[in-house]
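Undergrad: One structure coming up, written as structure tokens, with questions to follow.
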Amino acid sequence: MALTEPIRGTQQVRAFMDYYLKRNELRNHVLVVMGINTGLRIYDLLQLTWDDVYDFSNGRFRPIVPVTEQKTGKPKSITLNKLIIKALTSYMASTPPAMRGHFLFCSRKGGNRPISRQQAYRIIRDCAEALCFNTRVSCHSLRKTFGYLAWKSGVSPVIIMNIFNHTSLAVTQRYLGVTQDDIDDCYHKLAEIT
């Protein structure tokens, strides 16, 4: 956990989310967008199916997706925000109807099975290398990026702790990857309001 860092900065996050979109690799694009916008661990993300995110009887995406975390066994609900729905809409349009009952991140090796965690890692690393990111980026960086962006936007660390199903605030603090720049920024912001 200590070796992996969140992706910091709005421009870096946007570039990361757009990398596979620009290459028209929509499955990989959705993987990155959902990873950054849900905070799910990669294993839990890879287990999602089209039926989990789309209600075929009503013809629309589900606003809330229930998930049981593999690591903790704890239930949680994730919200599909507008960025996720936009990415899923494009991906669904390019997916053959026969695949829609399958895993969301279906392996191209055939059969109804998700890509492996190793393949997800390659997707994330290839993107980071192509964008010349110098930070230590892995699949877990997507989860940490979610927490970091939520924290930087003003969400209480206690809420982030609950979203992550962490047992202590100390674990969440490590996830947030607070740097000296973040601490300095706090001092500057305080000067603006006092």
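Undergrad: Return the total of residues in the stretch 113-139 being among the hydroxyl-bearing types (Ser, Thr, Tyr) and touching an Asp or Glu at 6+ places or on another chain (Cβ under 7 Å). Quick ask: steps written out before the conclusion?
TA: Taking the stretch 113-139 first, the residues among the hydroxyl-bearing types (Ser, Thr, Tyr) are 116, 121, 135, 138.
Remaining after also requiring touching an Asp or Glu at 6+ places or on another chain (Cβ under 7 Å): 135.
Qualifying residue count, the stretch 113-139: 1.
Undergrad: Inspect all residues belonging to the stretch 24-43 and state whether any of them is of a type outside the set (Val, Ile, Thr), surrounded by fewer than 16 Cβ atoms within 10 Å (Cβ to Cβ), outside any helix (DSSP H, G or I) and touching a residue at least 60 places away in the same chain (Cβ under 8 Å).
TA: So far as the stretch 24-43 goes, no, none of its residues is of a type outside the set (Val, Ile, Thr), surrounded by fewer than 16 Cβ atoms within 10 Å (Cβ to Cβ), outside any helix (DSSP H, G or I) and touching a residue at least 60 places away in the same chain (Cβ under 8 Å).
Undergrad: Within the stretch 87-105, can you find the residues that are loosely packed, with under 13 Cβ neighbours inside 10 Å and in contact (Cβ under 8 Å) with a residue 40 or more places away in the chain?
TA: The answer is SER94, GLY101.
Undergrad: Now, a different point. Do you know which residues across the stretch 44-57 are part of a helix (DSSP H, G or I) and among the aliphatic types (A, V, I, L, M)? Full working, then the answer.
TA: From the stretch 44-57, those part of a helix (DSSP H, G or I) are 44-46, 50-53; that's our starting set.
Within the stretch 44-57, LEU45, LEU46, VAL53 qualify.
Undergrad: Out of curiosity, is VAL53 among the hydrophobic types (A, V, I, L, M, F, W, C), surrounded by 15 or more Cβ atoms within 10 Å (Cβ to Cβ), more than 21 Å from TYR175 (Cβ to Cβ) and under 15 Å from the mean Cα position of the chain (by Cα)?
TA: Numbers: among the hydrophobic types (A, V, I, L, M, F, W, C): yes; surrounded by 15 or more Cβ atoms within 10 Å (Cβ to Cβ): yes; more than 21 Å from TYR175 (Cβ to Cβ): yes; under 15 Å from the mean Cα position of the chain (by Cα): yes.
So VAL53 fits the description; yes.
Undergrad: Another question, if that's okay. Are any of the residues in the stretch 150-164 in contact with a Phe, Trp or Tyr (Cβ under 9 Å, 6 or more places away or on another chain), at pLDDT below 95, closer than 15 Å to LEU45 by Cβ and not basic (Lys, Arg)?
TA: Scanning the stretch 150-164 turns up at least one residue that is in contact with a Phe, Trp or Tyr (Cβ under 9 Å, 6 or more places away or on another chain), at pLDDT below 95, closer than 15 Å to LEU45 by Cβ and not basic (Lys, Arg).
Undergrad: Another one. Which ranges mark the helices (runs of 4 or more DSSP H) fully within the stretch 91-194 that have 3 or more residues being of a type in the set (A, V, I, L, M, F, W, C) and closer than 16 Å to ASN28 by Cα? Talk me through it step by step, then tell me what you get.
TA: Values: elements: 117-130, 139-152, 157-164, 169-176, 180-193.
Answer list for the stretch 91-194: 117-130.
Undergrad: Now, a different point. State all residues of the stretch 40-80 that are of a type in the set (Lys, Arg) and in contact with a strand residue (DSSP E or B) (Cβ under 6 Å, 6 or more places away or on another chain); if no residue qualifies, say none.
TA: So in the stretch 40-80, the residues of a type in the set (Lys, Arg) come out as 41, 60, 62, 71, 74, 76.
Scanning the stretch 40-80 gives ARG62, LYS76.
Undergrad: All but one of (1) small (Gly, Ala, Ser); (2) free of Cβ contacts under 8 Å to residues at least 40 places away in the same chain; (3) surrounded by 10 or more Cβ atoms within 10 Å (Cβ to Cβ) hold for ALA120; which doesn't?
TA: Looking at each condition in turn, ALA120 falls short on (2).
Undergrad: Follow-up. Taking the criterion of being in a helix (DSSP H, G or I) and of a type in the set (A, V, I, L, M, F, W, C), would at least one residue in the stretch 64-84 satisfy it?
TA: Yes - at least one qualifying residue is present in the stretch 64-84.
Undergrad: If a residue has to be of a type in the set (Gly, Ala, Ser) and within 19 Å of HIS29 (Cα to Cα) to count, how many in the stretch 66-90 make the cut?
TA: Our first condition is that a residue be of a type in the set (Gly, Ala, Ser); within the stretch 66-90, this holds for 73, 77, 87, 90.
Filter again for within 19 Å of HIS29 (Cα to Cα), leaving 87, 90.
Within the stretch 66-90, residues that are of a type in the set (Gly, Ala, Ser) and within 19 Å of HIS29 (Cα to Cα) number 2.
The values are calculated or read from the model by the stated rules, or taken from the named source; none is laboratory data. Small disclaimer: the values here were computed from a predicted structure and weren't measured. Neighbour counts run over all protein chains shown; Cβ positions are idealised from the backbone, glycine included.
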